[in-house]
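Only one structure is covered here, and it is reproduced in the block below.
The values are calculated or read from the model by the stated rules, or taken from the named source; none is laboratory data. Everything numeric in this text was worked out from a predicted model, so none of it was measured. Using ideal geometry, Cβ is built from the backbone for each residue, glycine included, and neighbour counts are taken over all protein chains shown.
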Amino acid sequence: MEDLVLRTAGSLLFIIALMLGLAWVVKKFLFGGKIPGASGNGVEVIAHVPLQPKRSIFIVRVPGKILVVGSAENGLTSLGELSDQPAIEQFDAFALGAQKPSQRFADIFKKFLHTN
């Protein structure tokens with residue numbers, strides 16, 4: 001009886017290891033290390049400025065959009081968004097041209113406000 005339990009447990013561990021190995025291979029070679037829909041996939045924080053302790057503004061790129069998000073103690077609030085491709089391209093060109101990191105957020109945010 002004990003032999004049967006050990007063989008069953010060993011087989012189960014082997015199958016689990018095989019499934020994990022197969023999942024790793026699929027992730028690595030079919031998706032290039034990124035699984036669609038995985039946490040953080042396609043989300044990039046472009047700029048961030050703290051306003052007060054526990055309060056900040058973020059400019060965030062998600063697929064097809066650029067968002068301005070406010071963060072406070074009670075959660076996140078959408079402050080604005082760019083979703084049309086010409087505006088996003090203009091935003092990217094402007095953001096790449098910003099030279100000083102201290103001025104970058106202010107310039108990006110002003111430009112964003114003027115385009116909306």
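Listing for the model above:
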| quantity | calculated |
| --- | --- |
| Filter result (at pLDDT 80 or above and among the hydroxyl-bearing types (Ser, Thr, Tyr)) within region 1-56 | Thr8, Ser11, Ser56 |
| Subset of region 51-68 (residues that are over 14 Å from Gly80 (Cα atoms) and in contact with a Gly (Cβ under 6 Å, 6 or more places away or on another chain)) | Pro63 |
| Contacts under 9 angstrom Cβ, first residue in region 74-89 being not assigned by TED's automatic domain parsing to the domain that holds Lys110, partner surrounded by 15 or more Cβ atoms within 10 Å (Cβ to Cβ) and in a loop (DSSP other than H, G, I, E, B), 6 or more apart | none |
| Pairs, first under 30 Å from Phe109 (Cα atoms) and small (Gly, Ala, Ser) in region 22-49, second modelled with pLDDT under 75 and not in a loop (DSSP other than H, G, I, E, B), C-beta under 6 Å, six or more apart | Ala47/Phe105; Ala47/Ile108 |
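Residue by residue, here is whether (1) farther than 17 Å from His48 by Cβ; (2) within 20 Å of the chain's Cα centre (by Cα); (3) at pLDDT 85 or above holds:
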| position | (1), (2), (3) |
| --- | --- |
| Asn74 | yes, no, yes |
| Thr77 | no, yes, yes |
| Ile88 | yes, yes, no |
| Asp92 | yes, yes, no |
| Lys100 | no, no, no |
| Gln103 | no, no, no |
| Ile108 | no, yes, no |
| Lys111 | no, no, no |
| His114 | yes, no, no |
